[in-house]
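Colleague: This is the structure, below, for whatever I ask next.
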Amino acid sequence: MEASVSAALNVSMLAMSVIFTVLIILIFTIKALVKLIPYEAPPAPPARKVSASSPPEQDDQVAAITASLAAHIGKRPEEFRIVNIQSR
Amino acid sequence: MEFSFSSSTSKIVHSTAFTTLDSGDALMIGIACLLVYLAIWKKFEPLLLLPMGFGCLLANIPMSMMASTDTGGLLNFFYQGIKHEVLPPIIFMGVGALTDFGPLLANPTVLLLGAAAQIGVYMTLIGAVFLGFNMQEASAIGIIGGADGPTSIFLASKLAPHLLAPIAVAAYSYMSLVPLIQPPIMRLLTTKEERKIKMEQLKPISQTVKIIFPVAVTIVCCLMLPGVTPLLGMFMLGNMFRESGVTARLHETAETHLINIVTIFLALAVGSSMTAESFLRLETLKIIALGLLAFAFATAGGVIFGRIMCKVSGGKVNPLIGSAGVSAVPMAARVSQKVGSEEDPSNFLLMHAMGPNVAGVIGSAVAAGVFLSLFGDVGSSIDTHAALAPVIGNPEPGMQALATVVEVIKQ
């Protein structure tokens, strides 16, 4: 094929059209798939309540989470209370 | 044999490589050391540039038989993996095993950003033709704008094998420079308000969709552009390993050990092709310049299309994610996040940018497929035995030996 700027321009336009066509087909394919097979959230595990009789390791976790949360939201640890921790 | 100290000393002196070392070799050794320096001290894609630089060093030591053209040499054997399209697709399988298509599936319209960023490929193609390259060479140079090393190597080995070394070096060097090249262009083409746009949380995607997606892409893209099947097919196979949930060992192997091993072979093989004859040419300088143009236009194309999507969606799309359409996973997505968070530290664009980022991988593979359809020899039959004969020798004696052993066992 003759290598001229006009030929390169033609190739570029043709190629970009092909790329957009292929990817637009993919967009519709994905949209159809997502519509046909919707996401279903897995059943949530039962929540575990933090109680006074919780094991010492969990107390440590609560303390660490409380301190991090306090630093993040800018409140003192006494101003809020963690009532339960859900494992994911 | 009579021993003469002086003649033996003279023989040893004349057998050293110093006697045949010319200025070209010396300069290439300097370039090899520069690549190693950039890899170690500047952290420029060290996983690639370090073995590539060292391969270049080995190849340019005279009489070492380590250049890609030295038939029977060690690195010539590795180079067959590029020549016969083995190594880049295996790397792509590993990349597929590492890729999460979730952000793309949650917002599929960002695939258009991956397409728009390919404008860099075609602007470079035009520039390369303007500078005197033929169409095949210009296509191989243009794909540098796809910011995808294996794709660049794959296409160069098919369309312009004599330009493989400078193309690979340019592609990987500029990929490592993405954090320097992209931000000024992104800031230039967007307003402060646009950079502050916060995008909606991505919705979760069913695992079944994630499993079906690689099959759908393979069918759609490979049927339309069969030349790209080795790359895209292996990319999607790697992703199937990841998403199927039943091939944990294959997934782990593909994303860790296999990709690492093949990266060593690939980079050494590319380095071994960097000899003075193939690299110290005016074309190399042109390719280095065109590579920068490719990355700049690809970034601009993605960001401009991002702005269009921003307008069309009523301000729901942050145009900064468009720059991630250049591929260069995941660095380009990180750059989108970084530039966005400079305007608003509470703006998290990373996951949104991963969508166009992986779309860019598909886009650049499709762009390579278009070039192969136009200028390659797609569909031509390849005699595998004949192709491998120079590498592994004639396998027939081995087969005969095996048949003999079988006969002995039978008796």
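The values are calculated or read from the model by the stated rules, or taken from the named source; none is laboratory data. Just so we're clear, the structure is a prediction, and the values are computed from it rather than from any experiment. Every residue, glycine among them, receives a Cβ derived from its backbone with ideal geometry; neighbour counts consider all protein chains shown. With ligands, DNA and RNA removed, areas are computed over all heavy atoms of the protein, side chains included. Shrake-Rupley method; radii C 1.70, N 1.55, O 1.52, S 1.80 Å.
Colleague: Just the residues that are surrounded by 11 or more Cβ atoms within 10 Å (Cβ to Cβ), assigned to a helix (DSSP H, G or I) and without any contact (Cβ under 8 Å) to a residue 60 or more places away in the chain, please, taken from the stretch B:21-35.
Modeller: Scanning the stretch B:21-35 gives B:Ala26, B:Ile29, B:Gly30, B:Cys33, B:Leu34.
Colleague: Separate question: Of the numbered conditions (1) in contact (Cβ under 8 Å) with a residue 12 or more places away in the chain; (2) among the basic types (Lys, Arg); (3) out of contact with any Asp or Glu (no Cβ under 8 Å at 6 or more places or on another chain); (4) farther than 23 Å from A:Lys35 by Cβ, B:Lys203 fails exactly one; give the number of that condition.
Modeller: Here B:Lys203 clears every test but (4).
Colleague: Hey, any hits in the stretch B:183-191 for a residue that's open to solvent by less than 30 Å² (accessible area, probe 1.4 Å) and closer than 30 Å to B:Ser139 by Cβ?
Modeller: yes
Colleague: Let me ask something else. Enumerate the helices (runs of 4 or more DSSP H) found wholly within the stretch B:138-224, keeping only those where 3 or more residues are modelled with pLDDT of 90 or more and not hydrophobic (A, V, I, L, M, F, W, C).
Modeller: B:149-159, B:178-189, B:192-195, B:207-224
Colleague: Moving on. B:Ala248 fails exactly one of the following numbered conditions: (1) open to solvent by 30 Å² or more (accessible area, probe 1.4 Å); (2) more than 14 Å from every other protein chain (Cβ to nearest Cβ); (3) within 24 Å of B:Ala359 (Cα to Cα); (4) of a type in the set (Gly, Ala, Ser). What is the number of that condition?
Modeller: Result: B:Ala248 fails condition (3) only.
Colleague: Same structure again: Identify all residues within the stretch B:73-116 that are among the small types (Gly, Ala, Ser) and facing chain A (nearest Cβ under 10 Å); write none if there are none.
Modeller: B:Ala106, B:Gly114, B:Ala115, B:Ala116
Colleague: Another one. Just checking, which of B:Leu87, B:Leu113, B:Leu75, B:Leu159 is open to solvent by less than 10 Å² (accessible area, probe 1.4 Å), more than 19 Å from B:Phe297 (Cα to Cα) and touching a residue at least 12 places away in the same chain (Cβ under 8 Å)?
Modeller: So the residue among B:Leu87, B:Leu113, B:Leu75, B:Leu159 that is open to solvent by less than 10 Å² (accessible area, probe 1.4 Å), more than 19 Å from B:Phe297 (Cα to Cα) and touching a residue at least 12 places away in the same chain (Cβ under 8 Å) is B:Leu75.
Colleague: Next up: Enumerate the pairs (first residue in the stretch B:216-230 and within 11 Å of chain A (Cβ to nearest Cβ); second residue anywhere and modelled with pLDDT of 90 or more and surrounded by fewer than 17 Cβ atoms within 10 Å (Cβ to Cβ)) with beta-carbon separation below 7 Å, excluding pairs fewer than 6 apart on the same chain, so at least 6 apart or on different chains.
Modeller: Going by the 7 Å Cβ cut-off, the qualifying pairs are B:Val220/A:Ile25.
Residue by residue, here is whether (1) within 18 Å of the chain's Cα centre (by Cα); (2) more than 19 Å from B:Ile321 (Cβ to Cβ) holds:
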| site | (1), (2) |
| --- | --- |
| B:Asp100 | no, no |
| B:Ala106 | no, no |
| B:Leu111 | no, no |
| B:Gln118 | yes, no |
| B:Ile126 | no, yes |
| B:Phe130 | no, yes |
| B:Asn134 | no, yes |
| B:Ser139 | yes, yes |
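Colleague: Same structure again: Can you pull out the helices (runs of 4 or more DSSP H) entirely within the stretch B:266-371 that have at least 3 residues that are open to solvent by 30 Å² or more (accessible area, probe 1.4 Å)?
Modeller: The helices (runs of 4 or more DSSP H) meeting that bar are B:282-312, B:331-343.
Matching residues to (1) modelled with pLDDT of 85 or more; (2) farther than 30 Å from A:Ser17 by Cα; (3) touching a Lys or Arg at 6+ places or on another chain (Cβ under 8 Å):
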residue	(1), (2), (3)
B:Ile308	yes, no, no
B:Asn318	yes, no, yes
B:Leu350	yes, no, yes
B:Ala359	yes, no, no
B:Val366	yes, no, no
B:Val370	yes, no, no
B:Phe375	yes, no, no
B:Ile382	no, yes, no
B:Leu388	no, yes, no
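Colleague: Within the stretch B:117-128, track down each residue that is open to solvent by less than 10 Å² (accessible area, probe 1.4 Å) and more than 7 Å from every other protein chain (Cβ to nearest Cβ).
Modeller: Across the stretch B:117-128, the qualifying residues are B:Ala117, B:Gly120, B:Val121, B:Thr124, B:Ala128.
Colleague: Within 14 Å of another protein chain (Cβ to nearest Cβ), in a helix (DSSP H, G or I), under 22 Å from the mean Cα position of the chain (by Cα) and modelled with pLDDT of 75 or more: does that describe A:Leu23?
Modeller: Judged against the criteria, A:Leu23 is not a match.
Colleague: Of all helices (runs of 4 or more DSSP H) completely enclosed by the stretch B:43-103, which ones contain at least 1 residues that are more than 25 Å from B:His257 (Cβ to Cβ)?
Modeller: In the stretch B:43-103, B:46-59 are the helices (runs of 4 or more DSSP H) which contain 1 or more residues that are more than 25 Å from B:His257 (Cβ to Cβ).
Colleague: Going by what's in this entry, would B:Ile211 be described as within 14 Å of chain A (Cβ to nearest Cβ), without any contact (Cβ under 8 Å) to a residue 40 or more places away in the chain, touching a helix residue (DSSP H, G or I) at 6+ places or on another chain (Cβ under 8 Å) and not polar (S, T, N, Q)?
Modeller: Considered against the rule, which asks whether it is within 14 Å of chain A (Cβ to nearest Cβ), without any contact (Cβ under 8 Å) to a residue 40 or more places away in the chain, touching a helix residue (DSSP H, G or I) at 6+ places or on another chain (Cβ under 8 Å) and not polar (S, T, N, Q), B:Ile211 comes out as yes.
Colleague: I need the full set of residues from the stretch B:204-226 which are more than 19 Å from B:Leu104 (Cα to Cα) and crowded, with 23+ Cβ neighbours inside 10 Å, in order please.
Modeller: The one that is more than 19 Å from B:Leu104 (Cα to Cα) and crowded, with 23+ Cβ neighbours inside 10 Å: B:Leu225.
Colleague: Ok, one more. Does the stretch A:39-88 hold any residues that are open to solvent by less than 60 Å² (accessible area, probe 1.4 Å), assigned to a loop (DSSP other than H, G, I, E, B) and either modelled with pLDDT of 75 or more or basic (Lys, Arg) (or both), and which are they?
Modeller: Of everything in the stretch A:39-88, those that are open to solvent by less than 60 Å² (accessible area, probe 1.4 Å), assigned to a loop (DSSP other than H, G, I, E, B) and either modelled with pLDDT of 75 or more or basic (Lys, Arg) (or both) turn out to be A:Phe80, A:Ile82.
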